[in-house]
Amino acid sequence: MTAPVRTVDVWRNGGPAATDEVAVETPVALVFNGISHAVMMATPADLEAFALGFALSEGLLRTRAECYGIDVTESEAGIEVRLDVAAMVEARLKELRRTLAGRTGCGLCGIDSLMRLDLAPEVLAPAPWVADLSADTVQRALAAMSGRQPINAATGACHAAGWADPGGQILDVAEDVGRHNALDKLLGRRAAAGLANGEGFVVMSSRASYELVRKCARLGVPALATISAPTSLAIDIARQAGLVLYGFVRPGQAVRYAVGIEKATDTM
């Protein structure tokens, strides 16, 4: 399998030739029961988790049990991740078929109609600890995540998505050149390990876009904290879902944009 990092020749400031490490970006086709559904540009690592997380966070799979197996194959053209899924999933895919051309900075990744937009998130079940998630806790989690990004440390080109427990301890981190891909890898890894319903929240080294909030809401993640700003639609979706949303999480700073279900109820 292609390595996630490659060494290239560089010339710094007109100086002599040297080498540097860059993040690998390669086309990854997601194929369900022989039907190609999406081609995403991604870092070639944790691709089984990526495919599972994508399928769950996009609502293509309703549960982990609907996926029977995942196989990764590589060719000169790129990488195929083939998912063996239940017949009901195949029918769902044909109904919801989208034409996707993934890009690392993608938004809706080629959705073919405004009618396919899903702006009605699931309302999350209240969790007692979530409403009191503090700025100190999310700052601690994001600070700890930076030390667990080996690909980004080598290349400076990867986003990260981390899972933190309610106290802000980082338990897992996934990396990819695309922020959506990093989140899908993290969520897929947790689903594969049977941890999808565990207590905790997501932290990310990116802005908070609509898709990231929507993916979290779909998989029952009650809180999201990002290092950069959220978009207006991300805030709207978070508030509809009752998801706690922090942005601009940096040393000495964290801005809370959505307060979660219990806090919202208390202030009405």
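See the values below:
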read-out	value
Residue in segment 92-102 that is modelled with pLDDT of 80 or more, surrounded by fewer than 18 Cβ atoms within 10 Å (Cβ to Cβ) and of a type in the set (S, T, N, Q) present	no
Among the candidates 49, 42, 23, residue that is within 22 Å of residue 149 (Cβ to Cβ), in contact with a Cys (Cβ under 6 Å, 6 or more places away or on another chain) and of a type in the set (A, V, I, L, M)	23
Test: residue 228 is surrounded by fewer than 17 Cβ atoms within 10 Å (Cβ to Cβ), farther than 18 Å from residue 136 by Cβ and modelled with pLDDT of 95 or more	yes
Residues (surrounded by 15 or more Cβ atoms within 10 Å (Cβ to Cβ) and part of a strand (DSSP E or B)) located in segment 28-59	28, 29, 30, 31, 32, 37, 38, 39, 40, 41, 42
Qualifying positions in segment 117-151 - of a type in the set (Ser, Thr, Tyr) and more than 11 Å from residue 249 (Cβ to Cβ)	134, 146
Check on residue 22, surrounded by 13 or more Cβ atoms within 10 Å (Cβ to Cβ) and closer than 21 Å to residue 173 by Cα	yes
Members of segment 143-192 that are touching a residue at least 60 places away in the same chain (Cβ under 8 Å), among the hydrophobic types (A, V, I, L, M, F, W, C) and closer than 16 Å to residue 44 by Cα	151, 154, 157, 158, 174, 177, 183, 186
Per-region count, segment 120-135, residues part of a helix (DSSP H, G or I) and free of Cβ contacts under 8 Å to residues at least 60 places away in the same chain	1
Breaking point among (1) touching a strand residue (DSSP E or B) at 6+ places or on another chain (Cβ under 9 Å); (2) without any contact (Cβ under 8 Å) to a residue 24 or more places away in the chain, for residue 43	(2)
Pairs where the first residue, in segment 1-23, is basic (Lys, Arg) and the second is not in a strand (DSSP E or B), C-beta under 6 Å, 6+ apart	6/24
Any hit, segment 163-171, residues being within 15 Å of the chain's Cα centre (by Cα), crowded, with 21+ Cβ neighbours inside 10 Å and not in a loop (DSSP other than H, G, I, E, B)	yes
Top-ranked residue in segment 189-206 [being more than 12 Å from the chain's Cα centre (by Cα) and over 20 Å from residue 51 (Cα atoms); ranked as surrounded by the most Cβ atoms within 10 Å (Cβ to Cβ)]	201
Criterion: touching a Ser or Thr at 6+ places or on another chain (Cβ under 6 Å), small (Gly, Ala, Ser) and at pLDDT 95 or above - qualifying residue of 168, 78	168
Single match in 67, 106 (criterion: at pLDDT 90 or above and of a type outside the set (A, V, I, L, M))	67
Selection within segment 132-159 - surrounded by 16 or more Cβ atoms within 10 Å (Cβ to Cβ), out of contact with any helix residue (DSSP H, G or I) (no Cβ under 6 Å at 6 or more places or on another chain) and hydrophobic (A, V, I, L, M, F, W, C)	133, 138, 141, 142, 144, 145, 151, 154, 157
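The values are calculated or read from the model by the stated rules, or taken from the named source; none is laboratory data. Not measured: the values here are computed from a predicted model. Counting neighbours? That spans all protein chains shown, and the Cβs are built from the backbone with ideal geometry, glycine included.
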